[in-house]
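Single-structure report; data block below.
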Amino acid sequence: MEAHEIEAQELEERRAYLRRSTELTEGLVGPPRRIGVGAGDFGRHVWRTMVELPGVGRYSGEILRQASFIITGSTLVIVFMMFLIGTFCGLEGNAALNSYGASSYVGAYTSWCGLREAGPIMFGYIFAAKVGCGIVAEIGSMKTADELDAMDAIGVSSTRFIVCTRLVAVWLVVVPLFLIGIAFEQLANFFVVIGQISQSSLGGFEHVHFSFQDPADLLYATIKAFAEGTAIVLIATFFGVRARGGPVGVGAATAMSMVANLIAIHVISGLLTRVLWSGYSPNAPIGG
């Protein structure tokens, strides 16, 4: 083999080594870097939304229109799924406590399961899937059709008219929808424990169930739902305005927003549980 052929082969091997090194480095550094960049972009999106929020009152008609869409499109789903999570809490609580011979105290489980944890989390799931994904698809379609750029070009702030109106609409409806959902969740507890299983008396179940909750618990759970709804709409609008590439890009943005919302729901729920029901004041009638 001639000298120039050997040099060419060595050069190609060095290039291949550099390519592999670059790919390895990108594989290790790329994902954290993209997450950091995305977090920075999301922070700017939230800041821009908060800055535009004071002037959203001029679009009250759009706010009410968006609120009506959420109410008519999500109420039945929320009621049905919250009723199901209530039946789950009743069945699971009875199965867990019955193994210890303490089925009469199933109210302690149903009270905490539905009101503090499973109820707000299930509400967040439904809201993210029904409302959040709908917002991403709608705004993403507008973005890919250059409608948002057209608004900005004629002097109408797309952030204020598209993002802020949906955020305020969610603020208007999220608390009533959650309270309705929790009411059906609590009803499902009674339906399963008293009507189906019937191992506890109505008075005994009511005494234990309501001894482990008070109005403050309902307030804290509502704060959870409000925080989750706010995060969901901010994440959904963020991915909507960033959608690129036509219908395929809108679909990808919708999927990514759902993943981000699922993570956000659990992070918010865990943090607020720790803050509102800390280990120092769990609000439990146990002990002396």
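What follows draws every value from the coordinates through simple rules; no lab data is involved. These numbers were taken from a predicted model, which means no experiment stands behind them. Cβ placement follows ideal geometry from the backbone for every residue including glycine, while neighbour counts extend to all protein chains displayed.
Quick one: pull the percentage of alpha-carbon pairs in the chain with a separation above 29 Å. Don't skip to the end; give the middle numbers.
Values: 20030 of 41328 pairs.
The share of Cα pairs beyond 29 Å in the chain comes to 48 percent.
Please report 146, 217 as a ranked list, fewest other C-beta atoms within 10 angstrom at the top and most at the bottom.
146, 217
Take the alpha carbon atoms of region 186-250, find their center, do the same for region 128-166, and report the distance between the two centers in whole angstrom.
28 Å
What Kirkwood radius, in Å to one decimal, follows from the Cα pairs of region 153-228?
15.4 Å
Using a 7 Å offset from the Cα along the Cα-to-Cβ direction at both residue 183 and residue 198, what is the distance between the two label points in nm, to one decimal?
It is 2.8 nm.
Expressed in whole Å with the largest first, what are the equivalent ellipsoid semi-axes of region 123-165 derived from the C-alpha gyration tensor as the square root of 5 times each eigenvalue?
Numbers: eigenvalues 120, 27, 3 Å².
Over the Cα atoms of region 123-165, the semi-axes work out to 24, 12, 4 Å.
In 5 Å bins starting at zero, report the fraction of Cα pairs in region 55-97 per bin as a rounded %.
Pair shares across the bins are 5, 19, 13, 13, 11, 10, 9, 8, 6, 4, 2.
Taking square-rooted eigenvalues a ≥ b ≥ c of the alpha carbon gyration tensor, is region 30-79 rounded, prolate or oblate, where a/c under 1.5 means rounded and, failing that, a/b exceeding b/c means prolate? Walk me through the numbers on the way to the answer.
Values: a/c = 5.23, a/b = 1.54, b/c = 3.39.
Taking the square roots of the gyration eigenvalues as a ≥ b ≥ c, region 30-79 is oblate.
Given the -39500 (n - 2.57) contribution per DSSP H run of 4+ residues, what per-residue ellipticity at 222 nm results for the chain, rounded to the nearest 500 deg cm²/dmol?
After summing the helix terms and dividing by residue count, I get -26000 deg cm²/dmol.
Rounded to the nearest whole Å³, what is the per residue volume of the convex hull around the Cα atoms of region 187-288?
Values: hull volume 14.2 nm³, N = 102.
Output value, Cα hull per residue: 139 Å³.
Starting from the amide H of residue 157, placed 1.01 Å from N in the peptide plane, find each other amide H under 5 Å away whose residue is 5 or more places distant or on another chain.
For residue 157, no residues qualify.
From the convex hull of the Cα coordinates of region 191-248, what is the mean projected area in square nanometres?
In nm², the orientation-averaged hull projection of region 191-248 is 7.2.
Using the charge dipole of the chain (Lys, Arg: +1 at Cβ; Asp, Glu: -1 at Cβ; taken about the Cα centre), state which of 112, 22, 95 has its Cα farthest towards the positive end.
Of the candidates, 112 comes out farthest on the positive side.
Can you tell me the relative contact order of the chain? Whole percent, Cα pairs under 8 Å, sequence separation 6 or more.
28 percent
In bins 10 Å wide, starting from 0, what share of all Cα pairs of region 115-254 does each bin hold, as a percent?
Histogramming region 115-254 at 10 Å steps yields 11, 31, 25, 16, 11, 5, 1 percent.
Given springs between every Cα pair under 10 Å in a Gaussian network model of the chain, which of 77, 193, 37 has the largest fluctuation?
Of 77, 193, 37, the most mobile in the Gaussian network model is 37.
How long, wide and thick is region 30-189, going by the Cα atoms along their three principal axes, in whole angstroms, largest first?
Over region 30-189, Cα extents along the principal axes are 69, 43, 26 Å.
Using θ = phi - 60° and the Karplus relation 6.51 cos²θ - 1.76 cosθ + 1.60, list the HN-Hα couplings for region 241-254 in order, rounded to whole Hz, with x at every Gly or Pro.
My calculation for region 241-254 gives 6, 9, 5, 9, x, x, x, 5, x, 5, x, 5, 5, 5 Hz in order.
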